[in-house]
Every structure is written in C-alpha cells, then in structure tokens.
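Worksheet: one structure, shown below.
The values are calculated or read from the model by the stated rules, or taken from the named source; none is laboratory data. Everything quoted here is computed from the prediction, not taken from an experiment. FYI the Cβ positions are ideal-geometry reconstructions off the backbone, even for glycines, and counts take in every protein chain you see. Ligands, DNA and RNA are excluded from the accessible area calculation, which covers all protein heavy atoms including side chains. Shrake-Rupley method; radii C 1.70, N 1.55, O 1.52, S 1.80 Å.
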Amino acid sequence: MGQQPKNFPLDARLGTVLGLLELVVAYGGRADLAFIARELQMEVDQILPASKAAELLGILEVQDGEGVATPLGVKVSKSLSKGKKKILKEQMPSLEPFSTALKLAQENPEGFRIEDLVNKLANSQNLVEYSENADKLFELLMDWMIYAELLSYDGDTGVFKLKQRKHTSSSST
C-alpha cells in the first residue's frame, strides 16, 4: 500500500511559496527565514505555511531556521511558467487535499463541487481541517490546482473537472 499523503497547509498561497523560493535562490540558495520575512514585510509566522508547503513540494528544506533550496527548487526557480506548472503538477498529487480532489474528479467525469470535496474530506479524521474551512479549501484548489492545470473550474456552475489535455499534432519525443 502507498504512503499516506501529507497534508498541505491550508494557508499556503502559490505566490508566497514561489516568492519565498525565489528569494532563497536569489540569496545563493540558503537564507534565514526571519530575514526573508522582514524582506517581504511579513512576520515569520506568516511565511511558515509557505515554507512548510515548499518543503512538502520538495523545493525547499528548512534547517535551523534557514530555507535551503533543493535541486528541484532551483529548477523551479529557473523555469518559465510552463516548467513550474509541470513540476508542481508532478508533486501535488501526493499531497492532501489535492490527492482527494483528483480522485473525486476521476470518479466523477461530470465534475464535482466544493461541497462534494468537503463531504469526502470530512470522512477522514486527519483531513477534517480542510472540511471545516470550505472557503480556504476552495482558495487552495483555485490557487494551486488551476495554476498547475490539474483541474479546470467553471464559475457558472461551480464545478471542478479534470483538466482536459489539448491534443496537438506535434510530438515531443
């Protein structure tokens, strides 16, 4: 049986995580998180969700209060948007609530609403935090899963679906 997915911080915003990574890389791949918080005009505890998220994504390690960019993190930092999306798309399915959202989308080709995901997450004791914060959960999906092109969202119907791949005639072999 596979490893239990790790829980992604509910307050981790994509822009803050990528911004944190960019600053660490800009400072030579290692930087004090308190210093970075000051640079971003934030409190240290405000960047903790971002540093935890970056660790879970495998792009940053936190050692003795310092953020250290991993080789994957340096690759993300140097990548254009398409490359960043590809790497995040590979990392996210092993993390909750993204894992459950993808399973729900695969089980329901017509799509799912945030309420469906909340109900599914509520059934698992270690995922209750997500189900109790539906608004933040929605923001998390919009922020991360739409950016990484794992899901699409229809604002008119409130439905998330698996992102459909565009078929092109060119091949990338």
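Remarks
- Paramagnetic label zone (point 7 Å from Cα along Cα-to-C-beta, residue 133; backbone N under 16 Å) in segment 12-29: 12-17
- Most simply put, the chain has about 85% antiparallel DSSP beta bridges, counting only bridges with both residues inside it.
- Set of aspartates and glutamates near residue 82 by C-alpha distance (under 16 Å), chain-local residues within fewer than 8 positions excluded: 90, 143, 149
- Here segment 70-85 and segment 95-144 have alpha carbon centers that stand 26 Å from each other.
- Loop-resident sites, segment 22-94, for GluC sites (Glu not before Pro), counting at most 11 other Cβ within 10 Å (DSSP): 43
- For the chain, accessible area per residue (1.4 Å probe, heavy atoms of protein chains only), Å²: 57 Å²
- Per-q log10 I(q)/I(0), segment 45-144, q = 0.14, 0.16, 0.20 Å⁻¹ (Debye; single scatterer per alpha-carbon; no solvent): -0.63, -0.79, -1.08
- All-pairs Cα distance distribution in the chain, expressed in whole percent, bin size 10 Å: 10, 36, 33, 18, 4
- Accessible area of the chain belonging to carbon and sulfur atoms, whole % at 1.4 Å probe: 49 percent
- Each 10 Å bin from zero holds the following percent of Cα-Cα pairs in segment 26-78: 27, 59, 14.
- Whole-percent pair-distance distribution, where bins are 10 Å wide, for the alpha carbons of segment 66-117: 22, 36, 27, 15, 1
- Rg over Rh, two decimals, segment 1-102 (C-alpha only, Kirkwood Rh): 0.97
- With 0.36 nm allotted per residue and the present C-alpha distance subtracted, the residue 154-residue 44 stretch has 36.0 nm of extension available.
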